[in-house]
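Here the structure is laid out as structure tokens; the discussion comes afterwards.
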């Protein structure tokens, strides 16, 4: 993919629902795949990587839009985004 494709992925992540968002990386990578003839595992990895990145950007934008109008503090949002360590793990 080209460097300008990131612009379209970000715009799609902000404007489209996730059901349509997963199609954007496919539409962008198939023409390059036909032109360059990369091996399918490489191109499949690239498609899935761009798709997961776009869905992650959509999730972050959706979280910000949903909680933007709330009165909770930034610490509350940070605790909701905590991934590691899981709550069930105890610290040493």
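Every read-out reported here was derived from the displayed coordinates using simple, explicitly stated rules and does not represent laboratory data. This structure is a prediction, so every number in the text was calculated from the model and none was measured. Positions of Cβ are generated from backbone atoms using ideal geometry, with glycine treated the same way; all protein chains shown enter the neighbour counts.
At a glance:
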{"quantity": "Estimated D of segment 5-64 in µm² per second, where Rh is the Kirkwood radius over Cα pairs and Stokes-Einstein applies at 4 °C, 1.567 mPa s", "calculated": "110 µm²/s"}
{"quantity": "Estimated distance in nm for a label pair at residue 34 and residue 55, the labels positioned 7 Å out from Cα along Cα-to-Cβ", "calculated": "2.6 nm"}
{"quantity": "Percentage relative contact order, segment 5-64, counting C-alpha pairs under 8 Å, at least six apart", "calculated": "51 percent"}
